[in-house]
Amino acid sequence: MWKIFDEGHITNIAVHPEYRENGVGSRLVEKLVSIAKEQGIVKMTLEVRKSNAAAQSLYFKYGFREQGCRKGYYSDNGEDAIIMWKENV
Ligand SMILES: CC(C)(COP(=O)(O)OP(=O)(O)OC[C@H]1O[C@@H](n2cnc3c(N)ncnc32)[C@H](O)[C@@H]1OP(=O)(O)O)[C@@H](O)C(=O)NCCC(=O)NCCS
């Protein structure tokens, strides 16, 4: 996560495929939100691939909501990015 003034930008979260769907991703997001609070961060954001339903669902669970789209954001396949924000951290 990058800290930019009072905003936190989650750059990446990943769990080894053999350990997914066991709550590890949730604990990582919870810890990031906790660190953000300690750092005085008030809003958090991230980009996620449009096709990545698992990650979108994870972030939604922690209060991130879709606020926009970056067309063709991912250079490997030209996929759009969904921009999500969590307010009132
Ligand atoms: C996204 C990722 C980090 C989730 O990690 P995880 O350890 O499996 O997550 P958890 O077990 O804590 O699941 C948390 C929530 O994620 C969502 N989720 C996880 N796997 C899912 C799946 N296969 N399908 C749909 N939703 C899923 C659910 O909302 C779940 O909440 P629930 O358990 O209350 O239903 C993991 O799938 C991953 O590493 N993916 C590849 C990397 C990636 O896409 N990172 C995000 C880049 S922005």
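Here is how the numbers come out for the structure above:
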{"read-out": "Check on GLY8, on the phi < 0 side of the Ramachandran plot and either under 13 Å from the mean Cα position of the chain (by Cα) or open to solvent by less than 70 Å² (accessible area, probe 1.4 Å) (or both)", "value": "yes"}
{"read-out": "Members of region 47-89 that are open to solvent by less than 30 Å² (accessible area, probe 1.4 Å), part of a strand (DSSP E or B) and in contact (Cβ under 8 Å) with a residue 24 or more places away in the chain", "value": "VAL48, ALA81, ILE82, ILE83, MET84"}
{"read-out": "Region 47-58 - residue that is more than 6 Å from the ligand (Cβ to nearest atom) and out of contact with any helix residue (DSSP H, G or I) (no Cβ under 9 Å at 6 or more places or on another chain) and, of those, nearest to ASP6 (Cα to Cα)", "value": "GLU47"}
{"read-out": "Residues that are assigned to a helix (DSSP H, G or I) and either near the ligand (Cβ under 6 Å from one of its atoms) or closer than 20 Å to SER75 by Cα (or both), drawn from region 7-46", "value": "VAL24, GLY25, SER26"}
{"read-out": "Odd one out for VAL24 among (1) open to solvent by 70 Å² or more (accessible area, probe 1.4 Å); (2) more than 19 Å from GLU7 (Cβ to Cβ)", "value": "(1)"}
{"read-out": "Residue list for region 11-21, filter: within 14 Å of the chain's Cα centre (by Cα) and either surrounded by 12 or more Cβ atoms within 10 Å (Cβ to Cβ) or of a type outside the set (A, V, I, L, M, F, W, C) (or both)", "value": "THR11, ASN12, ILE13, VAL15"}
{"read-out": "Qualifying position, being of a type outside the set (Phe, Trp, Tyr) and under 12 Å from the mean Cα position of the chain (by Cα), among ALA36, ALA81", "value": "ALA81"}
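The values are calculated or read from the model by the stated rules, or taken from the named source; none is laboratory data. Predicted model, so just to flag it, every value in this text is computed and none were measured. All Cβ positions, even for glycine, are placed from backbone atoms using ideal geometry, and neighbour counts span all protein chains on display. These area figures cover heavy atoms from the full protein model, side chains too; ligands, DNA and RNA do not enter into them. Shrake-Rupley method; radii C 1.70, N 1.55, O 1.52, S 1.80 Å.
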